[in-house]
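The next block holds one structure in the form of structure tokens; read it before the comments.
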Amino acid sequence: MKLETIAIHAGTQITDSYRPAVQPITLATTFEHHEDSVIYSRAANPNRIALENVLAKLEHGQAAAAFSSGNAAGMSVFQALPPSSHLVAPDDMYHGLRHLLTTVFKGILEVDFVDMTQSENVAKAINTKTALIWVETPSNPLLKISDIRAICTIAQEKQIPVVCDNTFATPVFQNPLLLGASIVMHSTTKYLGGHSDILGGALITKEENELWDKIKLVQTTGGAVPSPFDCYMLSRSIKTLPYRMKGHAEHAGIIATFLQNHPQVEKVYYPGLLDHPGHTIAATQMTGFGGMLSFLVKGGANEADTVISKLQYFTNATSLGGVESLIERRAASEGPDSKTPQNLIRVSVGLEHLDDLLEDLDQALKQ
Ligand SMILES: *Cc1c(COP(=O)(O)O)cnc(C)c1O
């Protein structure tokens with residue numbers, strides 16, 4: 001099966017004798033004991049089984065686990081590690097996960113945040129207690145590119161698992177398990193959900209090994225699982241993912257070039273641009289450059305806020321990956337400990353007509 005076919009068919013499992021064309025939502029929390037049955041919906045339920053099936057197939061993994069948020073997925077990996085483990089994580093890690101590591105896991109796990117655009121920084125940070133390498137590429141919000149193959153080669157020598165946050169690329173454009181990663185993580189709240197109305201997360205494993213068993217234990221006993229309704233919504237959204245991603249990437253590429261040529265713009269971060277420092281690596285590990293970009297407005301926070309306030313079709317809101325275009329001054333959302341430049345605007349390019357989006361940006365950037 002090809003990607004588009006997997007997306008439409010692998011998330012549907014019909015057991016109903018009426019043979020509905022789409023899988024019904026099974027709200028039951030408990031199931032009559034019989035052979036092959038699920039027992040209790042925290043451990044498994046039909047909609048989650050179907051969702052996990054399509055997620056595993058999209059990422060070429062053996063198994064998947066769905067969670068109630070992207071952060072819950074990340075947390076389950078951290079909880080599966082032995083206490084006092086050491087982690088190597090990217091300096092531009094998604095702010096919420098970085099915050100989780102530096103607060104909730106403070107004193108429990110030890111973390112080194114390194115610039116992973118240079119793979120040798122990962123090698124240098126590894127010590128005898130390193131139990132995990134966390135990669136995020138393209139990164140949020142600076143669109144930094146890390147070389148997944150090179151980092152996985154370093155990790156394999158020391159038998160350290162690599163988890164890759166693939167939220168920005170999606171399985172449509174990048175499959176980290178095929179590049180050597182052990183586990184892929186997604187915030188399904190973003191492109192997989194695609195309509196800014198589902199909170200969710202997922203992990204997909206290359207092998208059902210000891211680490212995976214521990215993660216499944218955290219998932220089913222910790223219970224940070226999505227509801228049957230959320231699983232249904234996600235399986236439904238995933239059916240259009242390949243086509244949505246083509247549109248997001250096409251729009252983002254053209255908007256990135258438009259911004260780069262605009263006199264009010266200081267710098268554009270988009271891995272599809274030839275002068276992006278990670279472009280060459282991105283081109284070898286991605287089949288498209290995604291729908292996210294960031295740019296620096298000439299001036300500071302005020303100038304950036306003014307541009308955002310003039311836009312009509314881009315909603316000033318956090319999050320990303322929906323059909324509607326979203327925009328935000330990222331440092332304002334990340335709070336006082338943010339290292340993101342004050343004049344950086346992050347754009348989640350939506351699926352409105354490209355001409356409308358370009359016209360809107362053009363009028364908002366006029367002084
Ligand atoms: C949003 C996001 C997360 C966290 O996911 P939630 O669903 O908000 O918990 C993790 N990584 C990246 C790259 C994200 O954009």
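The values are calculated or read from the model by the stated rules, or taken from the named source; none is laboratory data. Everything quoted here is computed from the prediction, not taken from an experiment. Ideal geometry is used to build each Cβ from the backbone, glycine not excepted, and the neighbour counts take in all protein chains shown. We work out accessible area using only protein heavy atoms, side chains counted, and drop any ligands, DNA or RNA first. Shrake-Rupley method; radii C 1.70, N 1.55, O 1.52, S 1.80 Å.
Results, tabulated for the structure shown:
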{"quantity": "Among residues of region 167-219, those that are within 16 Å of the ligand (Cβ to nearest atom), in a loop (DSSP other than H, G, I, E, B) and of a type outside the set (D, E), counted", "calculated": "17"}
{"quantity": "Residue check, I215 under 20 Å from N166 (Cα atoms), modelled with pLDDT of 95 or more and assigned by TED's automatic domain parsing to the domain that holds Y94", "calculated": "yes"}
{"quantity": "Breaking point among (1) modelled with pLDDT of 95 or more; (2) buried (at least 24 other Cβ atoms within 10 Å of the Cβ); (3) within 16 Å of the ligand (Cβ to nearest atom), for K144", "calculated": "(2)"}
{"quantity": "Subset of region 30-73 [polar (S, T, N, Q), away from the ligand (no atom under 16 Å from the Cβ) and either closer than 26 Å to K2 by Cα or within 29 Å of the chain's Cα centre (by Cα) (or both)]", "calculated": "S41, N45, N47, N53, Q62"}
{"quantity": "Options I327, I345; residue that is more than 21 Å from R244 (Cβ to Cβ) and open to solvent by less than 10 Å² (accessible area, probe 1.4 Å)", "calculated": "I345"}
{"quantity": "Hits in region 147-166 - residues which are more than 16 Å from the ligand (Cβ to nearest atom) and either within 21 Å of E208 (Cβ to Cβ) or not in a loop (DSSP other than H, G, I, E, B) (or both)", "calculated": "R149, A150, I151, C152, T153, I154, A155, Q156, E157, Q159, I160, P161"}
{"quantity": "Residues within region 63-97 that are touching a helix residue (DSSP H, G or I) at 6+ places or on another chain (Cβ under 7 Å), part of a loop (DSSP other than H, G, I, E, B) and over 13 Å from V163 (Cα atoms), tallied", "calculated": "0"}
{"quantity": "Region 120-144, residues that are assigned to a helix (DSSP H, G or I) and of a type outside the set (D, E)", "calculated": "N121, V122, A123, K124, A125"}
{"quantity": "Elements of type helices (runs of 4 or more DSSP H) contained in region 227-319, each with 2 or more residues being open to solvent by less than 80 Å² (accessible area, probe 1.4 Å) and farther than 30 Å from L51 by Cα", "calculated": "241-260, 279-285, 301-310"}
{"quantity": "Residue match in region 227-248 (condition: in contact with a strand residue (DSSP E or B) (Cβ under 6 Å, 6 or more places away or on another chain) and closer than 26 Å to D305 by Cα)", "calculated": "no"}
{"quantity": "Test for D92: is it open to solvent by 20 Å² or more (accessible area, probe 1.4 Å) and either modelled with pLDDT under 95 or not basic (K, R) (or both)", "calculated": "no"}
{"quantity": "Residue match in region 9-30 (condition: assigned to a helix (DSSP H, G or I) and either in contact with a Lys or Arg (Cβ under 8 Å, 6 or more places away or on another chain) or exposed (fewer than 12 other Cβ atoms within 10 Å of the Cβ) (or both))", "calculated": "no"}
{"quantity": "Odd one out for A123, checked against (1) open to solvent by 40 Å² or more (accessible area, probe 1.4 Å); (2) out of contact with any helix residue (DSSP H, G or I) (no Cβ under 6 Å at 6 or more places or on another chain); (3) farther than 29 Å from K246 by Cβ", "calculated": "(2)"}
{"quantity": "Lone unmet requirement of (1) exposed (fewer than 15 other Cβ atoms within 10 Å of the Cβ); (2) more than 30 Å from P83 (Cα to Cα); (3) in contact with a strand residue (DSSP E or B) (Cβ under 7 Å, 6 or more places away or on another chain) for H195", "calculated": "(3)"}
